[in-house]
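Structure first, then comments.
The values are calculated or read from the model by the stated rules, or taken from the named source; none is laboratory data. Owing to the predicted nature of the structure, the values given are computational and were not obtained by experimental measurement. No Cβ is skipped: glycine too gets one built from the backbone with ideal geometry, and neighbour counts run over all protein chains shown.
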Amino acid sequence: MRFKRKKKIKQDLFLDEVFMDSHNSPEFDTQQFEGRIEKPIKKNVPFVIAGLFFAVLMVFTTRLYALQVEGGERYFDLSVRNSLGRKIIFSERGVVQDRTGKELVWNVASEGDFVGRQYINNTGFGTLLGYVAYPQKDSAGFYWRTEYEGIVGIEKDFNDFLNGENGEKIIERNALGEVVSENIINPPMRGNTLRLSIDAELQHVAYEAMKNLSQRIGYEGGAVAIMDIETGELYALTTYPEYDPNILVDGKDVEAIRSLFNDPRKPFLNRALSGLYSPGSIVKPFIALAALHENIITERSRFFSNGRLEIVSPYDPNVVAVFRDWQDEPVGWTDVRKAIAESVNNFFYIIGGGHAGQEGLGIARIERYMNLFEIGTKTSIPLSGEISGVVPNPEWKSRIFRGDIWRLGDTYNTSIGQYGFQVTPIQMVRSVASLVNGGFLVQPQVVINQPTQKIPLSMAFDKGDLEVVKEGMRNVVTEGTGRLMNVSYVEVAAKTGTAQTGPRNSLINSWVIGFFPYENPKFAFTVLMERGPSKAELSSAFVVRSILDWMRVERPEYLVN
């Protein structure tokens, strides 16, 4: 066997061929692997390659499952938004102007998608104009509030009128999120311009007069209302103190906002509409007119006033109730004109509740006439926050004081605007206007050129009786409690009032109502100064005088009709 194997090798292998092959005599292209002896592939190589392919396949399959099955819907939404999306085009809110066209609220550029709101920096407009809340985004960056929202005041009550209509545009983006094109499919519509009946400069002057008086004397607050007696248009409607709407709409000055909310003087309270106060003597013209109309007195009726009225108890003659006048000294014989001019309490005790055989109105008729002039009743002014008042009566007392009966002294106190009597300044300006405009209750308006809503009083008064009351109010200014308003350039008629308030009646609310010019009235006014010292040197008449002096120079047309 060994011999044969060696013989076979000798026959198959030739030495010269080996040498010839080393010189590549067949001229093989070695770069193309010609002439190379092929080696067989190892048995485990296909398994390794298959494993690699399987691993790659599993990676792609897992990723595809995550994209298509688990996150398919989310990524679909993202892809749609990334490629083609809609965006709100915020409209501009309408501006607010005063009656002369001066802008009180306007729009300014901001860092966001919408314009900001700017309010006049003149004092006197905070509680009237109010402020807005801007559109807001959620945590994902999408707007959940797409409109301006009026929070209070004019901004709230005329929100729909001032708000425009937002537009919309389509934004196309590429795969990198870059904007490719923008197309407006719905242009925005700007809000309407609102022109108020308010005179901005008059409003500012009225506010500053209240502020000066408060700082000088110590009043805590106040309100002014000046109204056209025929149209009901309010030329001024302001309260003190107030807030700055720019601070609240911006919202960044946290300390300033906190101080406003913690201010005990209540700067957010619109005292003209929402402040309830005992009217005091400003109801006396209406009580006098009621007594004249009911023939309880005539213009010549007189009662002696010694500064106090004593009433013996019908149950115990040893018990005597004393009702004092506000004056320390007796004023003597008093008729209705003098009683109004000098605000003689005794006169109104007698015509209100009766005394020594003299008939009085009684609480039922007092209530009827107060309701006739809608004293204590909402005026329906187109502003939110207005509240009604209280005209005390037996039912009210029984409810408030748990069944207590009505007494004569309650009628006396009601006759001079005390006890449970409560009214708002806006009610009183409308009521005094009805005395001089021919017997109509006009709805107060804050927007210019609105249809006048005039409701005739349900009872017609004798012109002579009305003249007696108006003459008494003129005498208040010329020789009575309101002589600070007695100026040479316009005749003013008024009625002052002082209502006690606070712990042990240590404070007062100072009132004045009235109208001008006296012969041909155009404006009615009401001023309230709240919670001042009981011995205050100056009253609300100071505010009226400041306003009149300003009108003489800047608005002389207001002083003539």
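Taking the listed residues VAL477, VAL432, the one that is among the β-branched types (Val, Ile, Thr) and more than 30 Å from PHE158 (Cα to Cα) is VAL477, with no other qualifying. It is to be established whether one or more residues within the stretch 531-539 are closer than 17 Å to VAL429 by Cβ and either in the same structural domain as GLU230 (by TED's automatic domain parsing) or of a type in the set (D, E, K, R) (or both). Among the residues of the stretch 531-539, not one is closer than 17 Å to VAL429 by Cβ and either in the same structural domain as GLU230 (by TED's automatic domain parsing) or of a type in the set (D, E, K, R) (or both), which makes the answer no. Total residues in the stretch 85-109 satisfying the condition of being within 19 Å of PRO135 (Cα to Cα) and assigned to a strand (DSSP E or B): the figure is 8.
Only one entry of ARG324, ARG368, ARG302 meets the criterion of being among the charged types (D, E, K, R) and farther than 28 Å from ALA460 by Cβ, and that entry is ARG324. Taken over the stretch 149-184, the criterion of being among the aliphatic types (A, V, I, L, M), modelled with pLDDT of 80 or more and in a strand (DSSP E or B) is satisfied by ILE151, VAL152, ILE170, ILE171, ILE184.
Table: residues versus (1) among the polar types (S, T, N, Q); (2) buried (at least 22 other Cβ atoms within 10 Å of the Cβ).
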site	(1), (2)
VAL477	no, yes
MET485	no, yes
GLY497	no, yes
GLN500	yes, no
ILE513	no, yes
ARG531	no, no
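Which residue pairs have Cβ atoms closer than 6 Å, lie 6 or more positions apart in sequence or on different chains, and pair a first residue in the stretch 257-271 that is over 14 Å from ARG531 (Cβ atoms) and touching a residue at least 12 places away in the same chain (Cβ under 8 Å) with a second residue that is hydrophobic (A, V, I, L, M, F, W, C) and surrounded by 14 or more Cβ atoms within 10 Å (Cβ to Cβ)? Close Cβ pairs (under 6 Å, with a partner that is hydrophobic (A, V, I, L, M, F, W, C) and surrounded by 14 or more Cβ atoms within 10 Å (Cβ to Cβ)) amount to PRO267/LEU260. Annotation: of all residues in the stretch 378-398 being over 29 Å from PRO314 (Cα atoms) and either among the hydrophobic types (A, V, I, L, M, F, W, C) or not assigned by TED's automatic domain parsing to the domain that holds PHE286 (or both), the one that is surrounded by the fewest Cβ atoms within 10 Å (Cβ to Cβ) is ILE387.
Taking (1) under 30 Å from VAL436 (Cα atoms); (2) at pLDDT below 90 in turn, LEU309 satisfies each apart from (1). Is there a residue in the stretch 229-238 that is buried (at least 22 other Cβ atoms within 10 Å of the Cβ), at positive phi and outside the structural domain of ILE120 (by TED's automatic domain parsing)? Yes, that holds for at least one residue.
Quick grid of which residues meet (1) charged (D, E, K, R); (2) surrounded by fewer than 20 Cβ atoms within 10 Å (Cβ to Cβ); (3) under 33 Å from the mean Cα position of the chain (by Cα):
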position: ILE400; (1), (2), (3): no, yes, yes
position: ASP404; (1), (2), (3): yes, yes, no
position: VAL423; (1), (2), (3): no, no, yes
position: LEU435; (1), (2), (3): no, no, yes
position: GLN450; (1), (2), (3): no, yes, yes
position: SER458; (1), (2), (3): no, yes, no
position: PHE461; (1), (2), (3): no, yes, no
position: GLY472; (1), (2), (3): no, no, no
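Of all residues assigned to the stretch 316-323, none qualifies as being modelled with pLDDT under 85 and either closer than 30 Å to ALA225 by Cβ or surrounded by 15 or more Cβ atoms within 10 Å (Cβ to Cβ) (or both).
For the stretch 358-377, the criterion of being of a type in the set (Asp, Glu), more than 37 Å from the chain's Cα centre (by Cα), surrounded by fewer than 17 Cβ atoms within 10 Å (Cβ to Cβ) and in the same structural domain as LEU234 (by TED's automatic domain parsing) is satisfied by at least one residue. Go through GLY101, GLY71, GLY94 for me and flag whichever is modelled with pLDDT of 75 or more, of a type outside the set (Lys, Arg) and out of contact with any Phe, Trp or Tyr (no Cβ under 8 Å at 6 or more places or on another chain). Result of the check over GLY101, GLY71, GLY94: GLY101.
Note on the stretch 126-144: among residues that are within 20 Å of the chain's Cα centre (by Cα) and assigned to a strand (DSSP E or B), the one that is surrounded by the most Cβ atoms within 10 Å (Cβ to Cβ) is VAL132.
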